[in-house]
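Structure, as structure tokens:
Every read-out reported here was derived from the displayed coordinates using simple, explicitly stated rules and does not represent laboratory data. Quick caveat: nothing in here was measured; it's all calculated off a predicted structure. Virtual Cβ from ideal backbone geometry, glycine too; neighbours counted across all protein chains shown.
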Amino acid sequence: MHELMVRERDGTTERLPARPGASVGSVLLSARIPPPSVVVIADGSPVSADHRIDPDRSYEARLLEGYDLDRIRSAFDPVGDDAAHVDRRLTFGETGGLDSSTTARSLDDHQAAVEARLLDTIRHFDLISEGESLVLGASGGLDSSALLRGLAAIRDDLPTFDLTAVTVADFIPVEDARSSADIAEMVESLGFDHRFVESETIADTYGLTDTPTAAMRALEATDHAPTLGSLAPNVNQRMLERVAEEVGADAILTGVHTTELLGGILNEWFTGATVRRQSIPEHSLGPYAYRYPLVFLSKRELFLYRYGKTGQTLRDRTENPWDWLADEQSFHYYLADMLQALWPGVEHWVVESHNARVAAVDHPPTDRCDNCGKVKPAPDFDSTGRCPVCSAFDSVGLLVDSD
């Protein structure tokens, strides 16, 4: 194994193992050293982070920034090699000091911790009130099934509520290959009601001339293909709203988790989109109240929770094209995951700052789509008064009243 010597600004040194052929950047990142603030010299000449380690050359890296590298990295010292999950949080004291907490948990302890965090989130943000009727999207996938099981586990500690879990046809993830009957059985075994929205109901809501699946397939061959990953959730959301109207629900619960939360906020910051210009984890969109009890839980935490409850692992996925995110959105989700790895607990700071910013700005008015009735911010509609989903369907002649 070759070495890369790192020299800090005070002259102290550290030798990093460097496998021949590995990039300089990957060697630095493996030691939690950010390459943008490091210059690497190979035999007297600077090399880029893409340079591959040559065993016949000697390397020295100099840290250019003045941060306390050892102090920061000590917050990530590994613990609990046999733990199912390590819960880590980085915070700052009133004087600016860096504080960290690390807890290694067994699978059983992790389940209890997830339920405690879910309960704390619901109580802190008052997400469930006495006697409320709630609707929850239940695709049978990881997020919604974990939320359902979590709510069932802490139900006795919550105000009394009624919940209807809703499964929308054509949007059951292939990951689980579960039929609507399987999902209904799971929901009802947890003590909740279940509703299934048929393809015909979707087609009727949008005025489609074909099935929803055929409509989405038709969009694959158009300029709308990169946006299918955002159009499909809007269809699903509209169906949840329709059921909420039918059952008189007070609010709609969804399985939005930490990465989706951070990814949406990053998308807003970078593009100016209106996706998260509402408070979190509860906001209203027209007459509909949306609540996100899982925003402080990661995808991995949800998987381990469901695995501990059911023993169910992940299967290979053969996804529909509309299950994939557009490149831009995909990168925001990737960046959100990296942020959580670099700053465990960052979501708490982001939610607080986001809500403060949202409270200080004017919100665009909302309007209803002239075709499907979806409520969205007014700037999202096209010149004919249609939402992005209906506009896309209309562009390929799939609406009954398309020109």
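For Rg/Rh (Cα atoms, Kirkwood Rh), one of (i) 0.97; (ii) 0.95; (iii) 1.02 was computed from the structure I shared and the rest are decoys. Which label?
After the calculation, the listed value that fits is (iii).
Relative contact order (percent) for the chain, with alpha-carbon contacts under 8 angstrom and 6 or more residues of separation?
15
Treating only the Cβ of Lys, Arg, Asp and Glu as charged (+1, +1, -1, -1), what charge dipole size does the chain show about its Cα centre? Round to the nearest 20 debye.
Charge dipole of the chain: 880 debye, to the nearest 20.
For residue 106, enumerate residues with amide H under 5 Å from its amide H, sequence gap 5+ or separate chain, H modeled in the peptide plane.
84
So in the range 2-74, what percent of DSSP beta bridges are antiparallel if you round to the nearest 5?
In the range 2-74, DSSP labels about 85 percent of beta bridges as antiparallel.
Reachable aspartates and glutamates from residue 376, Cα under 13 Å, same-chain residues fewer than 8 places away excluded?
Within reach: 241, 367.
Can you tell me the orientation of helix 327-342 relative to the chain, as the angle in degrees between its alpha-carbon axis and the longest Cα principal axis, to the nearest 10?
Helix 327-342 sits roughly 50 degrees off the main axis of the chain.
Among the lysines, which fall within straight-line cross-link reach of residue 299, defined as a Cα-Cα distance under 21 Å, with same-chain neighbours fewer than 8 residues apart omitted?
309
By how many degrees, between 0 and 90 and to the nearest 10, does the Cα long axis of helix 258-271 differ from the longest principal axis of the chain?
That helix lies at roughly 90 degrees to the long axis.
What is the order of 151, 64, fewest Cβ neighbours within 10 Å to most?
Ranked by crowding around the Cβ, least crowded first: 64, 151.
How much of the DSSP bridge set in the chain is antiparallel, in percent, rounded to the nearest 5?
60
As a footprinting exposure proxy, order 374, 309 by other Cβ within 10 Å, with the fewest listed first.
Fewest to most other Cβ atoms nearby, the residues stand as 309, 374.
How tilted is helix 107-124 with respect to the longest principal axis of the chain? Cα atoms for both, answer in degrees (0 to 90, nearest 10).
60
For the range 217-296 and the range 49-123, what is the separation of their C-alpha centers, rounded to whole Å?
After rounding, the separation between the Cα centres reads 30 Å.
Residues with amide H under 5 Å of residue 51's amide H, sequence separation 5 or more or different chain, H placed in the peptide plane at 1.01 Å from N; which?
Amide H neighbours of residue 51, under 5 Å, 5+ apart: 24, 25.
Please return the longest stretch of the chain lacking exposed loop sites, where GluC sites (Glu not before Pro) count only if DSSP places them in a loop and at most 14 other Cβ atoms lie within 10 Å.
Value returned for the longest uninterrupted segment is 199-318.
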